[in-house]
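The values are calculated or read from the model by the stated rules, or taken from the named source; none is laboratory data. Because the structure is a prediction, the values reported are computed rather than measured. So basically every Cβ, Gly included, is an ideal-geometry build from the backbone, and we count neighbours across all protein chains shown. Ligands, DNA and RNA are stripped out before the accessible areas are found, and what is left, the full protein with its side chains, is counted by its heavy atoms. Shrake-Rupley method; radii C 1.70, N 1.55, O 1.52, S 1.80 Å.
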Amino acid sequence: MSVARTWRTRRQRYSLVGERCEYCHNAIFPPRDVCPHCAEPAQKEYTMSGRGTVYSYTTVFDPPAGFEAYAPYPVALVKLDEGPMVTAQLTDLDPDDVRIGMPVEMVTRKLSEQGDEGVITYSYKFRERLERQAVAA
Amino acid sequence: MSLENGISLMKPLRPVGIVGYGAYVPRYRLPASEVARVWSGRDAELPIVEKAVAGLDEDTATMSIEAARNALARAGVDPKRIRAVWVGSESHPYAVKPTSTIVAEALDIVPLTQAADWEFACKAGTEAMQAAIAFVGSGMADYALSIGMDTAQGRPGDALEYTAAAGGAAMLLGPAEQSLALIEASLSYVTDTPDFWRRAHAHYPSHGQRFTGEPAYFHHVISAAEMMLEGMGRTAADYRYAVLHQPNSKFPQRAAKQLGFRKEQIETGLLAPIIGNTYAGSSLIGLTAVLDEAQPGDRVLVVSFGSGAGSDAFSLEITGAITTAQRQALTTKEYIERRSEIDYATYARYRGKMLMK
Ligand SMILES: [Zn+2]
């Protein structure tokens with residue numbers, strides 16, 4: 001990812017900042033000029049909760065440049081609780097531990113590095129959801 | 001030991017407290033016995049049980065973001081009202097480019113905020129907290145975020161490799177009336193003591209071997225703690241909890257005993273045996289474990305230590321707001337219980353240990 005593109009997309013990458021359509025009220029991610037559901041323009045910024053479930057997944061053994069250090073790693077289609085489907089790496093688990101329907105939550109992690117001297121790109125990934133223990137009565 | 005020449009404890013003009021706190025401990029654990037197996041045989045005396053190790057895609061920025069998200073979840077404060085983001089660490093991802101702007105952006109605190117990285121070995125986090133107290137206490141800001149976080153590195157085979165760990169905590173400082181823990185007073189105690197260092201282009205730190213004990217850790221921690229107790233007109237018995245910087249299991253226990261603290265007062269915040277030394281995160285993450293269990297009215301003494309060398313001491317009193325705040329984010333214990341053991345080979349890969357000098 002170029003330094004300029006890394007910079008332009010930082011808000012959506014760091015914290016899943018998308019939009020919610022003012023006309024049909026659907027959540028939209030990534031943000032775009034026109035609502036994909038009703039084709040109306042000018043959307044309102046909306047930050048996703050970061051919670052979702054694994055819709056499908058695969059394991060990457062032969063990664064693109066910049067991702068070599070992390071291979072093999074699981075990549076999933078995550079259906080966010082708000083509706084949008086996001087393609088993202090899963091983290092903090094072994095590829096064998098992934099299952100369809102697994103509840104996940106967004107974390108901000110290192111996505112790639114341009115060698116030892118280049119910029120570090122941070123982005124959303126998803127991990128198995130950590131549940132808080134019930135409050136003792 | 002007393003404060004000299006009429007110098008008193010530090011207190012801001014406007015009362016300040018902790019309004020939100022959050023911890024982060026990565027998932028992986030390297031048992032000290034595994035380091036011993038590789039480097040010194042199985043019979044070595046082990047300074048801790050195991051240490052927390054960051055995953056391949058984690059660094060001080062990502063761990064700070066998660067701890068800060070937990071602090072904000074507990075505080076329920078609009079991020080735009082936070083006017084400082086200060087990250088203390090000795091493992092900032094960049095030599096030049098602040099960690100703090102990455103954290104501020106991820107938490108939507110930008111653009112009207114101070115952002116800076118702090119350095120003072122293991123007390124960089126409490127150094128940032130002192131400044132945050134002043135920033136809020138002066139009235140310049142209503143909220144200031146201070147973080148102590150590290151992915152500490154030891155040279156392969158060095159004594160520090162058993163303990164150099166990853167983790168830390170975020171503290172959001174704000175007006176005392178909104179706080180879950182009031183800052184009663186603070187104190188900083190510093191001398192020029194070369195017990196541990198890393199030159200600008202060196203990958204791993206060096207240390208003064210046995211020099212790290214008496215003149216460095218014990219002198220600064222005990223001096224700062226004793227001055228705080230005397231300045232407050234109290235003894236160890238007046239505190240429910242004490243949290244001291246934890247380079248290993250032994251040092252904080254010995255210092256606490258010398259100060260008159262009993263085991264029950266320090267065990268809640270003593271995390272080094274099970275997560276290692278998280279450097280700039282060490283005393284602050286110990287404090288989060290205490291805050292997770294503290295009750296209104298409890299008093300807490302926190303003393304950090306940073307090589308080079310110095311200590312920051314804080315006297316806290318827990319308020320009624322603690323009870324609801326405790327459950328708004330994952331507890332420190334919940335993070336610690338999320339545990340995957342790794343072997344030395346996996347550790348070497350995760351931490352880029354193939355570099356040997
Ligand atoms: Zn629409």
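Miscellaneous remarks
- Protein heavy-atom surface of region B:48-149, 1.4 angstrom probe: 57% of the accessible area is carbon and sulfur, with nucleic acids and ligands not counted.
- Residue-averaged beta-carbon neighbours from other chains (10 angstrom radius) around A:109-117: 3
- Sequence-ordered 3J(HN,Hα) estimates for region B:158-170 from the Karplus curve with 6.51, -1.76 and 1.60 and θ = phi - 60° stand at 6, 4, 5, 5, 5, 10, 4, 10, 10, x, x, 8, 10 Hz, glycine and proline given as x.
- Solvent-accessible area of B:Leu270 with every protein chain in place, 1.4 Å probe, in Å² to the nearest 10: 30 Å²
- FRET E, pair A:Ala42, A:Glu117, Förster distance 41 Å, beta-carbon r, rounded to 0.05: 0.50
- Considering chain B at the alpha-carbon level, its Rg and Dmax are found to be 18.8, 57 Å.
- Restraint check, B:Lys51/B:Lys333; B:Lys257/B:Lys333; B:Lys11/B:Lys123, Cα-Cα greater than 21 Å: B:Lys257/B:Lys333
- FRET efficiency estimate (nearest 0.05) - Cβ-Cβ, B:Leu112 to B:Ser40, R0 45 angstrom: 0.30
- Residue among B:Leu287, B:Leu13, B:Leu244 with the largest mean-square fluctuation in a Gaussian network model of chain B, springs linking Cα atoms under 10 Å: B:Leu13
- In the context of the full set of protein chains, region B:181-323 has a per residue accessible area of 37 Å² (1.4 Å probe).
- Cross-link pairs beyond the 26 Å C-alpha cut-off, checked among A:Lys44/A:Lys125; A:Lys79/B:Lys80; A:Lys125/B:Lys97: A:Lys79/B:Lys80
- Across region B:134-151, computed HN-Hα scalar couplings (Karplus, 6.51 cos²θ - 1.76 cosθ + 1.60, θ = phi - 60°) run 5, 5, 6, x, 7, x, 5, 9, 8, 9, 9, 9, 10, 10, x, 8, 8, 10 Hz from first to last residue, x flagging Gly and Pro.
- Annotation: average projected area of the protein assembly as shown is 24.1 square nanometres, based on the convex hull of Cα atoms across all directions.
- Debye intensity ratio I(q)/I(0), log10, region B:1-68, q values 0.13, 0.27 Å⁻¹ (C-alpha model): -0.71, -1.14
- For peptide A:10-18, the mean count of partner chain Cβ atoms within 10 Å of a residue's Cβ comes to 3.
- Summing charges over neighbours of B:Ala329, with a neighbour being any other residue whose Cβ is under 11 Å away from its Cβ, gives +1 when K and R count +1 and D and E count -1.
- Global size of region A:3-129 as Cα Rg and Dmax, reported in angstrom: 15.4, 46
- Region B:168-284: mean projected area of Cα convex hull, nm²: 8.9 nm²
- Extension gain, B:Ala95 to B:Gln328: 0.36 nm times the residue separation minus the Cα-Cα distance gives 80.4 nm.
- Residues of region B:104-121 buried by at least 20 Å² on assembly (accessible area, 1.4 Å probe, chain alone as reference): B:Glu105, B:Ala106, B:Asp108
- Note, ³J(HN,Hα) from phi for region A:10-24, Karplus 6.51, -1.76, 1.60, rounded to Hz, x at Gly and Pro: 4, 5, 5, 6, 6, 9, 6, 7, x, 9, 10, 5, 6, 9, 9
- Potential lengthening of the chain between B:Ala348 and B:Thr191 amounts to 53.0 nm, from the contour at 0.36 nm per residue minus the alpha-carbon distance.
- Buried area at the A-B interface (accessible, heavy atoms, 1.4 Å probe, summed, Å²): 2400 Å²
- Sequence of B:Thr324, A:Thr58 when ordered by accessible area, the most exposed leading, probe 1.4 angstrom: B:Thr324, A:Thr58
- When all protein chains stay in place and ligands, DNA and RNA are ignored, the 1.4 Å accessible-area order of B:Asp192, A:Asp97, B:Asp158, A:Asp81, largest first, is B:Asp192, A:Asp81, A:Asp97, B:Asp158.
- Exposure check, 1.4 Å probe, all protein chains in place: B:Arg14 carries approximately 70 Å² of accessible surface.
- With all protein chains modelled, accessible area of B:Phe135 [1.4 Å, Å²]: 30 Å²
- For the options B:Gln328, B:Gln130, B:Gln258, a Gaussian network treatment of chain B with springs between C-alpha atoms closer than 10 Å singles out B:Gln258 as fluctuating the most.
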